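See below for the structure under consideration.
What follows draws every value from the coordinates through simple rules; no lab data is involved. Because the structure is a prediction, the values reported are computed rather than measured. Every residue, glycine among them, receives a Cβ derived from its backbone with ideal geometry; neighbour counts consider all protein chains shown.
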Amino acid sequence: MTLSGVLKEREKKRMALRKDALKEVRRLVSLLSERYKFESIYIYGSILSERFARHSDIDMVIKGLKVSDFFKAHAYLIKESLYNIDLKPFEDLSEDFKKKVISGGSKIG
């Protein structure tokens, strides 16, 4: 196989992995919404770009979740997910990071 062929195959696998991860996010948001009340979830970071790889985590921000439920919800996501999950509460983010998540992230739920 040529170098070009190898690179194309690698990119094809990476895109399939990213597609699978996005499907996993939707599944996780659905599961989470059955257990906890929250306003919305955003994803951001490498999952929204070609940089997503098998070692990547899924960066998520949850808005409107009760503080007392955050660690339980995060643990639940970690337990249920096929990927590493980095969950942050929206309310704890800096104003700049909130703007970045809203403008550059993708609202899932």
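If I ask for residues that are in contact (Cβ under 8 Å) with a residue 60 or more places away in the chain and not in a helix (DSSP H, G or I), which ones from region 83-109 would you list? Quick ask: steps written out before the conclusion?
Initially, region 83-109 is screened for residues in contact (Cβ under 8 Å) with a residue 60 or more places away in the chain, giving 83, 102, 104-109.
Correct list: Tyr83, Gly105, Ser106, Lys107, Ile108, Gly109.
Looking only at residues in region 12-50 that are of a type in the set (Phe, Trp, Tyr) and over 16 Å from Gly105 (Cα atoms), which one is surrounded by the most Cβ atoms within 10 Å (Cβ to Cβ)?
Among residues in region 12-50 that are of a type in the set (Phe, Trp, Tyr) and over 16 Å from Gly105 (Cα atoms), the one surrounded by the most Cβ atoms within 10 Å (Cβ to Cβ) is Phe38.
Mind checking which residues of region 63-86 are of a type outside the set (Asp, Glu) and closer than 12 Å to Val25 by Cβ?
Once the filter is applied, which keeps residues that are of a type outside the set (Asp, Glu) and closer than 12 Å to Val25 by Cβ, region 63-86 yields Leu77, Ser81, Leu82, Tyr83, Ile85.
Out of the residues in region 55-80 that are among the aliphatic types (A, V, I, L, M) and not in a helix (DSSP H, G or I), which is farthest from Gly104 (Cα to Cα)?
The initial filter retains those residues of region 55-80 that are among the aliphatic types (A, V, I, L, M), namely 58, 60-62, 65, 67, 73, 75, 77-78.
From what is left, the residues that are not in a helix (DSSP H, G or I) are 58, 60-62, 65.
Values: Ile58: 15, Met60: 12, Val61: 12, Ile62: 15, Leu65: 21 Å.
The residue in question is Leu65.
Out of everything in region 61-82 that is touching a residue at least 40 places away in the same chain (Cβ under 8 Å) and under 11 Å from the mean Cα position of the chain (by Cα), what residue ends up being surrounded by the fewest Cβ atoms within 10 Å (Cβ to Cβ)?
Restricting attention to region 61-82, the residues satisfying the condition of being touching a residue at least 40 places away in the same chain (Cβ under 8 Å) are 61, 73, 76-77, 80-82.
With the extra rule that they be under 11 Å from the mean Cα position of the chain (by Cα), the set shrinks to 61, 77, 81.
Details: Val61: 24, Leu77: 22, Ser81: 17.
The residue in question is Ser81.
Looking at (1) assigned to a loop (DSSP other than H, G, I, E, B); (2) more than 15 Å from the chain's Cα centre (by Cα), which is the one condition that is false for Phe52?
The one condition Phe52 does not meet is (2).
Given the residues Phe90, Phe97, Phe71, which is the only one that is of a type outside the set (S, T, N, Q), over 28 Å from Lys13 (Cα atoms) and in contact with a helix residue (DSSP H, G or I) (Cβ under 7 Å, 6 or more places away or on another chain)? Working first, answer last.
Numbers: Phe97 fails: in contact with a helix residue (DSSP H, G or I) (Cβ under 7 Å, 6 or more places away or on another chain); Phe71 fails: in contact with a helix residue (DSSP H, G or I) (Cβ under 7 Å, 6 or more places away or on another chain).
Answer to the selection: Phe90.
Among what's in region 83-109 and is more than 17 Å from Leu22 (Cβ to Cβ) and small (Gly, Ala, Ser), pick the residue that is farthest from the chain's Cα centre (by Cα).
Ser94
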